[in-house]
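Asks: First the structure, which I've put down as structure tokens, then a few questions once you've had a look.
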Amino acid sequence: MTGYEIFKMIHLLGIILLVGNVTVTACWKFFADRTGDPRIIAFSQRLVTITDWSFTGWGIGLTIIGGYGAGYLADMDPIRTGWIVKAEVGFVASGLIWLGILLPIQIRQARQARAFREGEPIPASYFQATRRWLAWGVLATVPLVAAIYYMVFKN
């Protein structure tokens, strides 16, 4: 296996972790919230936070390390190669939505969940935030899918 192939594998592993976690946590949270059971919802919210910090963080790191490592070894210019720039824009756009909108919602919901797992009623604001989180989560996923498209088809 060449260095390029190792970095490409790291890059793909990062994408799998990132996109897989994004997809699974959204489904997980959606179905947990539908139960209306504070214990299930609180447990789900806690795991969404844990998996987001671990799998999403590792996914981002591996994607960047693997992508730039492979690009460097293949003499690709990450600033002048159109399909790479398009993929980078999608990746960054998704990251900005995650950092600026999704993460703050998640933090607020995690705090709320700690309170209602102990028996307090689930506030309506929790479910309002969930709708925003899901909507923005879908919007944050679109540029990731676009980035994957550009990386695969290189156009």
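Throughout, read-outs are computed from the coordinates displayed, never taken from laboratory work. Remember, predicted model here, so these are calculated numbers, not experimental data.
Asks: Round to the nearest 10 and give me the degree value, 0 to 90, for the angle of helix 124-153's Cα axis relative to the longest principal axis of the chain.
Replies: So the inclination is approximately 10 degrees.
Asks: Run a plain Debye calculation on the chain (Cα atoms as equal point scatterers, no solvent) and give log10 I(q)/I(0) at q = 0.10, 0.12, 0.13 Å⁻¹, rounded to two decimals, same order as the q list.
Replies: Rounded to two decimals, the profile gives -0.41, -0.56, -0.63.
Asks: Here's another thing I want to ask about it. Using Cα atoms only, what is the angle between the long axis of helix 38-51 and the major principal axis of the chain, expressed in degrees (0 to 90) to the nearest 10?
Replies: For helix 38-51, the angle is close to 20 degrees.
Asks: Turning to a different aspect of this structure: Once you keep just the Cα pairs under 8 angstrom separated by 6 or more residues, what percentage relative contact order results for the chain?
Replies: Taking the mean separation of contacting Cα pairs over the length of the chain, I get 33 percent.
Asks: With n ≥ 4 as the cut-off for DSSP H runs, can you work out [θ] at 222 nm for the chain, using -39500 (n - 2.57) per run divided by the number of residues, rounded to the nearest 500?
Replies: -27500 deg cm²/dmol
Asks: Angle between the Cα long axis of helix 103-116 and the longest principal axis of the chain, 0 to 90 degrees, nearest 10?
Replies: That helix lies at roughly 30 degrees to the long axis.
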